[in-house]
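The values are calculated or read from the model by the stated rules, or taken from the named source; none is laboratory data. Just so it is clear, the model here is predicted, and its values are computed rather than measured. Cβ atoms come from the backbone with ideal geometry, glycine included; neighbour counts cover every protein chain shown. Surface accessibility is based on the protein's heavy atoms, side chains included, excluding ligands, DNA and RNA. Shrake-Rupley method; radii C 1.70, N 1.55, O 1.52, S 1.80 Å.
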Amino acid sequence: PDWQTGRAISVAERYREALMERFEASPEGQDLVRQGGTVGWADTLMDLGMGYLEVTPATMTAEQLDTILFELFPRKVSAEPGCGQEIVAELQAFWRFLQREFGLLNAGACLRVLTTATALRLEREMQNPANFGLVKAFLAQGLAHGFDMATPEGIHAWMETYNAGLR
């Protein structure tokens, strides 16, 4: 267990945390941050890959990366409009890090998936309500109605309003 929070940490969470720490400290991660980027989308990639496709970066194929980007991200991930380029830029840096640091044989194929066209398509798919899962659709509706969906209070207020409308 995590002695600070008292909750159990899975092996998968420890793996992701350790890999993200190494990525953030790497030349690739540091370059990304210096250019105004963030480090966090790679963790989302790993979480979705491990949780839905049972793959880690070491075992992920280019086809599985494509599935994560164009099926799982749009259905599961809420992000500001314009995030497609940010996500792809970070994932490019992440796969370059994996290739350099661990010599992953699949890194080249995954990097070939991560193009400018990928960023544009990802942006379209993530903003298309037809692709939203139930939770993402609920959050998007709350945002559209002016609720702060980044806080528990805002989510609760939207839930109350939504439920009142159903009655």
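Tabulated data for the structure shown
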quantity	calculated
Translational diffusion coefficient (Stokes-Einstein; Kirkwood radius from C-alpha pairs) of the chain at 20 °C, 1.002 mPa s, in µm²/s	124
Probe 1.4 Å, accessible area per residue of the stretch 1-117, Å²	54
Length gained when the stretch Ala25-Ser10 is fully extended (0.36 nm per residue, less Cα-Cα span)	3.1 nm
The chain - percent relative contact order, Cα under 8 Å, separation 6 or more	20
Apportionment of accessible area to carbon and sulfur, the stretch 44-167, percent (1.4 Å)	56
Ala144 paired with Asn163, simple spin-label distance in nm, labels 7 Å along Cα-to-beta-carbon	2.2
Helix-derived mean residue ellipticity, 222 nm - over the chain, DSSP H n ≥ 4, -39500 (n - 2.57), to 500	-19000 deg cm²/dmol
Amide H contacts under 5 Å for Val77, placed H, 5+ residues apart	none
